[in-house]
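Scroll down for the structure; my scribbles are underneath it.
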Amino acid sequence: MDKSALIRSVISQLEAELSVQTEAALGSKDEATNEESRAEDKYDMRSQSAAYLAAGQAKIASEIASAIAAWRTLSPRAFGPADAIAAGALITLEANGRRAAFLMGPQSGGLEARDGVHAATVVTATSPLGRQLLGRRAGDTVKISDRLGPVAHLVAAVE
């Protein structure tokens, strides 16, 4: 898998989401300050509700911008078989004959990164899986809980 392409995929998804959130925040702000949204009586909360919504959307946009900055500073270094898992690692887990790929990133856990052919799920050091993976090496095992209980997964590769 091409780690640089995976990182570009994450940044591209975040930039698209940032655009949507920014546009939504600006629309809500316009609604909050529009003359037609002015309260008609003491129970009319349209303007105030739109202002709260705009503030929330602006906060989300700020968080996404922070995530983009964090991803842009991530350098996709090569990991060897003896290297411990850290930010930027591409991890392959195997259990019951099935394989899954994960990209250890600074933020935005849960996103699916694609390099055109392959996909990897972003995991962060603050997630339960990320906490288990940090510091592990190829050949180690981690236990991941599912609806039937914990399942041992082999760290098949760290790239």
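Data table
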item	result
Residue within the range 62-72 that is modelled with pLDDT of 95 or more and more than 21 Å from the chain's Cα centre (by Cα) present	no
Some residue of the range 118-136 being under 14 Å from Gly88 (Cβ atoms), of a type in the set (A, V, I, L, M) and free of Cβ contacts under 8 Å to residues at least 40 places away in the same chain	yes
Check on Ala100, assigned by TED's automatic domain parsing to the domain that holds Ile7 and closer than 19 Å to Ile7 by Cα	no
One residue from Ala69, Ala101, Ala82 being hydrophobic (A, V, I, L, M, F, W, C), over 23 Å from Glu31 (Cβ atoms), out of contact with any Pro (no Cβ under 8 Å at 6 or more places or on another chain) and without any contact (Cβ under 8 Å) to a residue 12 or more places away in the chain	Ala69
Counted residues, the range 140-154 - those being acidic (Asp, Glu) and either outside the structural domain of Ala100 (by TED's automatic domain parsing) or without any contact (Cβ under 8 Å) to a residue 12 or more places away in the chain (or both)	1
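The values are calculated or read from the model by the stated rules, or taken from the named source; none is laboratory data. On a predicted model such as this, the values are computed, not experimentally measured, just so you know. Cβ sites come from the backbone with ideal geometry, for glycine too, and all protein chains shown count toward neighbours.
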